[in-house]
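Worksheet: one structure, shown below.
The values are calculated or read from the model by the stated rules, or taken from the named source; none is laboratory data. Keep in mind that what you see is a predicted model, and the values were worked out from it rather than measured. Note: ideal-geometry Cβ built from the backbone for every residue, glycine included; neighbour counts use all protein chains shown. Note: accessible area is taken over every heavy atom of the protein model, side chains too, but ligands, DNA and RNA are not part of it. Shrake-Rupley method; radii C 1.70, N 1.55, O 1.52, S 1.80 Å.
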Amino acid sequence: MRAYNFSPGPAVLPVEVLEQARAELLDWNGSGMSVMEVSHRGEAFMRVAAEAEADLRELMGVPRNYKILFMQGGATAQFAILPLNLTRPESVADYLDTGHWSRKAIAEARRYCTVHIAAEAGGEGMRVPPQSELDVAPGAAYLHYTPNETISGVEFHYVPAVGSVPLVADMSSSILSRPIDVSRFALIYAGAQKNIGPAGLTLVIAREDLLGQARPATPSVFDYKAVADQGSLLNTPPTFAWYVAGLVFKWLKRNGGVAAIGEANGAKARALYAAIDGSSFYSNHVAHDARSRMNVTFTLRKPELDSAFLEEAARAGLRNLKGHRVLGGMRASLYNAMPIEGVEALTAFMSEFERRHG
Ligand SMILES: Cc1ncc(COP(=O)(O)O)c(C=O)c1O
């Protein structure tokens, strides 16, 4: 039986996608072999690669003057690749400090350039700074922020206005979760293992004028222009992850695209927050206007019951609800592939658990 998997990442994938991958595993595309076993430079794989890119471009409405790169190294590699490509040692780069992942990005950037913190979450990290608090450094190489902080469950519901400073976003845990205007961003990156596909693939969407400025010592596979010039086939890419990402994009298109999934994600999150707010047993500590639709964190009024909650939930087929070790408590990740039925099963379990232990 398939569990409802609330993991923050690697995360749930659509059943239809898994079934298709299984059906095609031994004999992909009439080749007599799996997609993992064919050349990344063969015509068949190149078609998969190009289609995945075209589908993503369509889903997100990526303008023509942006390149889509399929890279490796995860979002963590991008923490360094970004300053390597867009700064010089004397540059200043703006960062919004809103939690665990933005701090990781900041620490890495400090190895390459001067970091100016343009705003902080404050409030024990359970809010996002409003636009009025943003102090953008004139001439900054870019402003980097994390639209969704996966660990605390804190999400920006606005896109920072930063004038002519290039806006960069780590969208690892929010990409494709609702419509965005890509033209507001200079560069977007995301590890694949939440809303896109298997781990191992990292997507970068970059405005063309930002390419070609990498520091001379940048490894070629991490030079945005070198990767773009080779159609992301500068070396062997994670072919299976790329193929599955392509299947996920097709699944999204069949299901109404990003607008429809955005509605569904809103409904899932509202249902879970309503269950939390409607009880005196569960609480969420995030400012209401910064609550994440992707990662819903909550605590139990009796933390001594945490492990009983997790064990009973797992027995009921509700898995991976344990909060991140730095925060404790619970976290339910509601990425695109989590069906509303999963949220309904969770809220029903929560009220039943409260009835028994509250
Ligand atoms: C917002 C965000 N940024 C970065 C990372 C790190 O990603 P990776 O493991 O792909 O390096 C994560 C992982 O969960 C994340 O959620």
Practice problem: Above 21 angstrom, tally the Cα pairs of the range 94-200 and express them as a % of all pairs, no decimals. | Solution: 31 percent
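Quick one: with all protein chains in place, what share of the accessible area of the chain is carbon or sulfur, to the nearest percent (1.4 Å probe)? The partial results should precede the final answer.
Numbers: 7930 of 15120 Å².
Roughly 52 percent of what the probe reaches on the chain is carbon or sulfur.
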Practice problem: Take the chain, connect every pair of alpha-carbon atoms lying under 10 Å apart with a spring to form a Gaussian network, then pick out the residue of THR146, THR299, THR98 with the largest mean-square fluctuation. | Solution: THR299
Practice problem: Roll a 1.4 Å probe over the protein chains and send me the accessible area per residue for the range 229-326 in Å². | Solution: 45 Å²
Exercise. Rounded to the nearest 0.05, what FRET efficiency do ARG103 and ASP181 give with R0 = 22 Å and r taken as the Cβ-Cβ distance? Could you check?
Key: 0.25
Quiz prompt | For the range 262-322, convex hull volume per residue from C-alpha positions, Å³ | solution = 94 Å³
Quiz item: Under a point spin-label approximation (7 Å from Cα along Cα-to-Cβ), what is the ASN65-TYR158 distance to one decimal in nm?
Solution: 2.6 nm
Self-check item: Per-residue ³J(HN,Hα) for the range 4-21, Karplus 6.51 cos²θ - 1.76 cosθ + 1.60, θ = phi - 60°, Hz, x for Gly and Pro
Solution: 7, 9, 9, 4, x, x, x, 10, 3, 10, x, 4, 4, 5, 5, 5, 5, 4
Self-check item: the range 203-244-the range 307-358 distance, computed between alpha-carbon centres (Å)
Solution: 39 Å
Quiz item: Where only protein heavy atoms count, and the probe is 1.4 Å, what is the accessible area per residue for the range 29-77 in Å²?
Solution: 52 Å²
Quiz item: For the chain, modelled as a Gaussian network with Cα springs under 10 Å, which listed residue fluctuates most, PRO160, PRO216, PRO129?
Solution: PRO216
Quiz item: Using the beta-carbon distance between GLU24 and SER280 and R0 = 51 Å, what value does 1/(1 + (r/R0)^6) give for FRET efficiency, to the nearest 0.05?
Solution: 0.55
Quiz item: Applying 1/(1 + (r/R0)^6) with R0 = 30 Å to the Cβ-Cβ distance of SER39 and ASP229, what FRET efficiency is obtained, to the nearest 0.05?
Solution: 0.90
Exercise. Over the range 111-226, give the accessible area per residue in Å² for a 1.4 Å probe, as an integer.
Key: 35 Å²
Quiz item: Mind checking the log10 I(q)/I(0) for the chain at q = 0.06, 0.13, 0.14, 0.15 Å⁻¹? Debye, one equal scatterer per Cα, no solvent, two decimals.
Solution: -0.23, -1.04, -1.17, -1.30
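Which whole-number value in Å³ per residue fits the convex hull of the alpha carbons of the range 250-358?
106 Å³
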Practice problem: Pop out the ³J(HN,Hα) list for the range 287-302 in order, Karplus 6.51 cos²θ - 1.76 cosθ + 1.60 with θ = phi - 60°, rounded to Hz; leave Gly and Pro as x. | Solution: 3, 4, 7, 10, 6, 6, 7, 9, 10, 9, 9, 7, 10, 9, 4, 10
Quiz prompt | Residues listed by number, the range 101-131, amide nitrogen under 13 Å from ASP289 label point at 7 Å toward C-beta | solution = 127-131
Quiz item: Which length gain, in nm to one decimal place, applies between SER220 and ARG88 when the Cα-Cα distance is subtracted from 0.36 nm times their residue separation?
Solution: 45.8 nm
